[in-house]
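Novice: Dumping the structure here so I can ask a few things about it.
The values are calculated or read from the model by the stated rules, or taken from the named source; none is laboratory data. Since this is a predicted model, take the numbers as computed values, not measurements. Because the Cβ atoms are built from the backbone with ideal geometry, glycine has one as well, and the counts that use them run over all protein chains shown.
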Amino acid sequence: MIKKWYSRGFILFFLFLSGCWDSSEINEMAIELAWGIDKASDKKVMISAQAIIPSKLGGGQNNGASGGSNGKPFFVATGNGMNTLDAVQRMQTKLSRQVFRGHRRVIVIGEAMARQGIKEVFDTYTRDPNLKLRTDIFVVKGDTAKNFLQVSYPLENIPGLGASGEFTQMGSPAEMGMLNFLLSATSAGASPTLPAIAIATNSSLQNEEDQDDRPKSGREGFRIDGSAVFNKDLKLEGYLNLKEDQAVRWVMGNLKELTVTATVPDEKGNVSMNVYKVSSKIQPVLQSDKLRIYITLAGQGAIRENNTRLDLTRTENVKLLQSALNKDAEERVRQTIAKVQQNYGADIFGFSDVIRRKNLPLWKSVKNNWEEEFREAEISVTAKIKVRRIGVTGPSLHLNPHETEK
Amino acid sequence: MKTIGGIGLFRIKHRKNSSKQLESSDLHLSDEHNSELSMELALNEKLLSEKFQASSDIIFRPISSSPKVLLIYVDGLIDTKTLDQVVIMPILYDGASNGRDQVPVSRHVIEEQLIAVAQVQTGLTINDAVNGILKGNVLLLVDGENKAIIAELKGFEARTVEEPAAEVSIRGPRDGFTETLRVNTSLIRRRIRSPKLKMESTTVGQVSQTDIVIAYIEGIVSNTVLEEVRNRIGQIRIDGVLESGYVEEFIEDVPWSPFPQIQNTERPDIVSASLLEGKVAILVDNTPFVLIVPMTFWTGLQAVEDYYERSIYTTFVRFVRFSLFNIALLLPSMYVALSTFHQQLIPTNLLISIANSREGVPFPTFVETLLMEFMFEGLREAGIRMPKAVGSAVSIVGALVIGQAAVQAGIVSAPVVIVVATTGIASFAIPRYNFGTAYRLLRFPMLFLAGILGLYGIISGLFLMIIHLLRLQSFGVPYMNPVVPLGQNLKDVFIRAPRWSMNMRPEFSGPNKKRIPEGQQPSSKRGGQSND
């Protein structure tokens, strides 16, 4: 009997040897949702963290007098160091609460840092078990990460969540940024891209419409502005604009939906279409010692805007629009690929992986000189968008019936 | 016996059948003068009045007929009006006037011709006489006879059959057991009119001499279970049994388990259904609560209405119940574990809300939750014990003080109040009250484990609990039956199959497992029944 109790006590004792003694209360943590990496002098990195101030966030029992008006519900802490953890140590000296990184949603990289190359600082983001891979990464176009983190965003309390939300609205799979980046960074031939984000009131990069409706004084909001192309050393090579970025992601099959707009030359109008079920097919062939890559873009969708006079209840009119859209998409993708081939020579489309998967002997023959092969490859693009729906009217309703073309 | 991990941890010691017979204690009063009744009435009267010395409720009523007759009974247990009419009047008047003078009025004459009572027994010893009196019978002693007549004329005040307060149902019979054993047996007998329904009587309690009835249906019941019940009840040595809980504690398999291994109910329909499933019911006098064995884990999650409502709805309700009972066990500990150890697992927006409401709360989450759980248990306990008029005051104070004021004052954070309230509601959704108490109890060790070790602690706690549950037995039937060991008959565990498809009795029932013939699925076709 005594023996039995001894054995039970023994087992229970082991319970306390193991387990997590790292208990910490939520109100003793600085919950950090966005994270910035910047270049600092002396080959150091500067880490900025955007942490929430819980008492200033609405919704809880503490809202009311203290909510909203007293300032931003977040603040940015920074620290410089040899590497990330060193910088975090420095940053912690300015914070009364333990930095909690488990809920990081967004990592932003300053442009200077990106140009210097992020290979040397990236290890901790995959090593630390508390960090999640489901994080979005952005490159701040033309600015530092710290500045980006200090910008407030009108729609979201925490600006970091705004960046992540904007990215999702672009039709990209949510929170896959980190994972996709790592996948293409580790691939043999492919080069990674990262979405680029720009602070909206940065005048040199501003779009026309932003100038009209935003006051010059406050730096508020930001926008996804294409993507940043990295080379195999994970150094920033350059940027692609929004349209090009969409084309890249279409080729990669990394897009959930997109909107295609094309002018219809014969009809003096334009047409827009929501495309979903977006997919692509890449077929590499070696023809007379020249690498040819056939890309087939596919998608189905619904016409959402039709500024031509065409009556869409007629099949041949739909076919007309469809071919215009296809032509436009083909052209766009072809130009993008050509630009990447000429300017960057970085295989951001992941052609190398496709070749290796589909034709291993071919890949072995081109692998040693892949960058050159990629620059030289002949690309032909076919788009096969199908119009599935035309909306609720045939011809535009505001047009007089005799104005429409049957 | 198999051991776990070779150490023998959590071994459940099963009851040995040959437990040593306890020595009869001196409480057994009847032993002293177990002499036979004498022929002389005066001597018998003297002996009995010595026994009932200083007992004002024992009435000695001599009748001076020839020969002399003495009536002894307990005042209040006897229907005195009937006693006057059917016993005293015939002896006083009829005995002499009906021309029976020449025949001497003997015990036989009184028993067979004079008193009009249905149940009459003969007592030979003083003990018989004393027991007869105490059980609410009228004892008739006749001068010159050494045998006593024990006439049953019970007529004491008793509660009528009412709707059981603890087990309410929307649909289903509304009668409940009462404190009278015979009323209770009659409620069962009315439902099962079969000679196969057996009701074995026995008496437990050296002082209280409480009647206990073991009810079962012959041919359906498992003989091993029945034998086990008889044995265990036969081995009880206790001075008095005031409630079936007294018996339960003596016959359960593992006394230290938080899980009840014996079901209790106030509803005759539950008892009848259990008997039809091959279970054994133990009825104890003076309590409306009837024990049913064996109990399995799953009976704890079945409500009586499951069998009266349609099976589709019942199946849905069962899933709700299963989730609620997990909530009742785990929600507070999960909250503590997630918010103090594994904040990564909380969705970001929820974490922000929690962080917001936790600002300025002085206690750690664990202490906060423990405090609120404790307060909730206190509220519940006070609500039960309070007189009804004060009960509403308790709930108002509870709702205002704990629900609102504590949160507004910033002493407790709102999520904890939500967690505790949800847990409370969930724990009341467990249909069997005594089964729910097990979970209410286990919540606290779980909370401690979560507070010390986080999710790891919860998992360890669950492992311990599951190991215990798997080793637990009720009267030789595995507690998790029929899921562990996996049986064929799972139609009444997670789902409740339609009545016509539950063809078999549970596995622990006796040899006759077939319950109803197959192929009774109704359909709109002619004849109303499909052929497949």
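Novice: Can you tell me which condition B:Thr340 does not meet? The list is (1) of a type in the set (Val, Ile, Thr); (2) surrounded by fewer than 21 Cβ atoms within 10 Å (Cβ to Cβ); (3) modelled with pLDDT of 90 or more; (4) over 27 Å from the mean Cα position of the chain (by Cα), and all the others hold.
Specialist: Every listed condition holds for B:Thr340 apart from (2).
Novice: Continuing with this model, one more query. Identify, please: which residue in segment A:34-57 is within 7 Å of chain B (Cβ to nearest Cβ) and not in a helix (DSSP H, G or I) and is, among those, modelled with the highest pLDDT?
Specialist: Of everything passing the filter in segment A:34-57, A:Ile52 is modelled with the highest pLDDT.
Novice: On the basis of being assigned by TED's automatic domain parsing to the domain that holds B:Val320, of a type in the set (Ser, Thr, Tyr) and surrounded by 13 or more Cβ atoms within 10 Å (Cβ to Cβ), does B:Ser353 make the cut? It would help to see each step written out before you state the result.
Specialist: On the way: assigned by TED's automatic domain parsing to the domain that holds B:Val320: yes; of a type in the set (Ser, Thr, Tyr): yes; surrounded by 13 or more Cβ atoms within 10 Å (Cβ to Cβ): yes.
Answer is yes for this residue.
Novice: Just name the residue that is nearest to the chain's Cα centre (by Cα) out of those in segment A:256-283 that are farther than 27 Å from A:Leu194 by Cβ, of a type outside the set (A, V, I, L, M, F, W, C) and part of a strand (DSSP E or B).
Specialist: Checking each candidate, the answer is A:Ser272.
Novice: Within segment A:106-146, which residues are acidic (Asp, Glu) and either assigned to a helix (DSSP H, G or I) or more than 14 Å from chain B (Cβ to nearest Cβ) (or both)? Don't jump to the end; show me each part of the working.
Specialist: First pass over segment A:106-146, keeping only residues acidic (Asp, Glu): A:111, A:120, A:123, A:128, A:136, A:143.
Matches in segment A:106-146: A:Glu111, A:Glu120, A:Asp123, A:Asp143.
Novice: Select, from A:Ser164, A:Ser184, A:Ser172, the only residue that is hydroxyl-bearing (Ser, Thr, Tyr) and in contact with a Lys or Arg (Cβ under 6 Å, 6 or more places away or on another chain).
Specialist: Working: A:Ser184 fails: in contact with a Lys or Arg (Cβ under 6 Å, 6 or more places away or on another chain); A:Ser172 fails: in contact with a Lys or Arg (Cβ under 6 Å, 6 or more places away or on another chain).
Answer to the selection: A:Ser164.
Novice: Give just the number: which of (1) at the interface with chain B (Cβ under 7 Å from one of its Cβ atoms); (2) modelled with pLDDT of 85 or more does A:Lys4 not satisfy?
Specialist: (2)
Novice: Among the residues of segment B:371-412 satisfying the criterion of being of a type outside the set (D, E, K, R) and buried (at least 19 other Cβ atoms within 10 Å of the Cβ), which is farthest from the other protein chains (Cβ to nearest Cβ)? Talk me through it step by step, then tell me what you get.
Specialist: Going through segment B:371-412, the residues of a type outside the set (D, E, K, R) turn out to be B:371-372, B:374-376, B:378-379, B:382-384, B:386-387, B:389-412.
Now narrow it down to the ones that are buried (at least 19 other Cβ atoms within 10 Å of the Cβ): B:372, B:376, B:402, B:406-407, B:412.
Working: B:Met372: 15, B:Phe376: 19, B:Ile402: 14, B:Ala406: 11, B:Val407: 6, B:Val412: 10 Å.
Among those that are of a type outside the set (D, E, K, R) and buried (at least 19 other Cβ atoms within 10 Å of the Cβ), it is B:Phe376.
Novice: Having 1 or more residues that are more than 30 Å from the chain's Cα centre (by Cα) and touching a residue at least 12 places away in the same chain (Cβ under 8 Å) is the bar; report the helices (runs of 4 or more DSSP H) wholly within segment A:320-406 that clear it. Can you show your working first?
Specialist: Working: elements: A:351-358, A:360-366, A:370-376.
Qualifying helices (runs of 4 or more DSSP H): A:360-366.
Novice: Also: Can you confirm whether segment B:150-167 contains a residue that is part of a loop (DSSP other than H, G, I, E, B) and polar (S, T, N, Q)? Break it down into steps so the answer makes sense when it comes.
Specialist: Residues of segment B:150-167 that are part of a loop (DSSP other than H, G, I, E, B), as a first pass: B:153, B:155-167.
Retained after the next criterion (residues that are polar (S, T, N, Q)): B:160.
Within segment B:150-167, one or more residues are part of a loop (DSSP other than H, G, I, E, B) and polar (S, T, N, Q).
Novice: Would you confirm whether or not segment B:49-60 contains a residue that is under 17 Å from B:Leu114 (Cβ atoms) and not in a helix (DSSP H, G or I)? Can you show your working first?
Specialist: Filtering segment B:49-60 down to residues under 17 Å from B:Leu114 (Cβ atoms) leaves none.
No, every residue in segment B:49-60 fails to be under 17 Å from B:Leu114 (Cβ atoms) and not in a helix (DSSP H, G or I).
Novice: Given the conditions (1) modelled with pLDDT under 85; (2) under 21 Å from B:Val317 (Cβ atoms), which single one is not true for B:Tyr439?
Specialist: (1)
Novice: Within the set of pairs 6 or more residues apart or between chains, which connect a residue that is of a type in the set (Asp, Glu) inside segment A:266-293 to a residue that is part of a strand (DSSP E or B) and surrounded by fewer than 20 Cβ atoms within 10 Å (Cβ to Cβ) with Cβ atoms less than 8 Å apart?
Specialist: A:Glu267/A:Glu405
Novice: For segment B:244-274, how many residues meet the condition of being of a type in the set (A, V, I, L, M), within 16 Å of B:Arg232 (Cβ to Cβ) and assigned to a helix (DSSP H, G or I)?
Specialist: Number satisfying all stated conditions: 2.
Novice: Consider segment B:193-205. How many of its residues are buried (at least 17 other Cβ atoms within 10 Å of the Cβ) and in contact with a Ser or Thr (Cβ under 8 Å, 6 or more places away or on another chain)?
Specialist: Total meeting the criteria: 1.
Novice: May I pose another question? Here are B:Ala96, B:Ala42, B:Ala54: which of them is farther than 15 Å from B:Leu139 by Cβ, modelled with pLDDT under 85 and in the same structural domain as B:Leu124 (by TED's automatic domain parsing)?
Specialist: B:Ala96
Novice: Applying the selection to segment B:139-182, what residues are within 18 Å of B:Asp285 (Cα to Cα), surrounded by 17 or more Cβ atoms within 10 Å (Cβ to Cβ) and aliphatic (A, V, I, L, M)?
Specialist: Passing the criteria: B:Leu153, B:Val161, B:Leu181.
Novice: Run down B:Glu309, B:Glu368 and say which single residue is at pLDDT 90 or above, more than 8 Å from chain A (Cβ to nearest Cβ) and not in a helix (DSSP H, G or I). Give the derivation first.
Specialist: Values: B:Glu368 fails: not in a helix (DSSP H, G or I).
Result of the check over B:Glu309, B:Glu368: B:Glu309.
Novice: Another question, then. In segment B:348-362, how many residues are part of a loop (DSSP other than H, G, I, E, B) and either within 14 Å of A:Ile52 (Cα to Cα) or facing chain A (nearest Cβ under 9 Å) (or both)?
Specialist: 3
Novice: Sticking with this one: If the Cβ limit is 7 Å and pairs must be 6+ apart or interchain, which residue in segment A:227-249 that is within 15 Å of A:Ala329 (Cα to Cα) pairs with which residue that is of a type in the set (Lys, Arg)?
Specialist: Hits for this filter: A:Lys243/A:Arg332; A:Glu244/A:Lys339; A:Ala247/A:Arg332.
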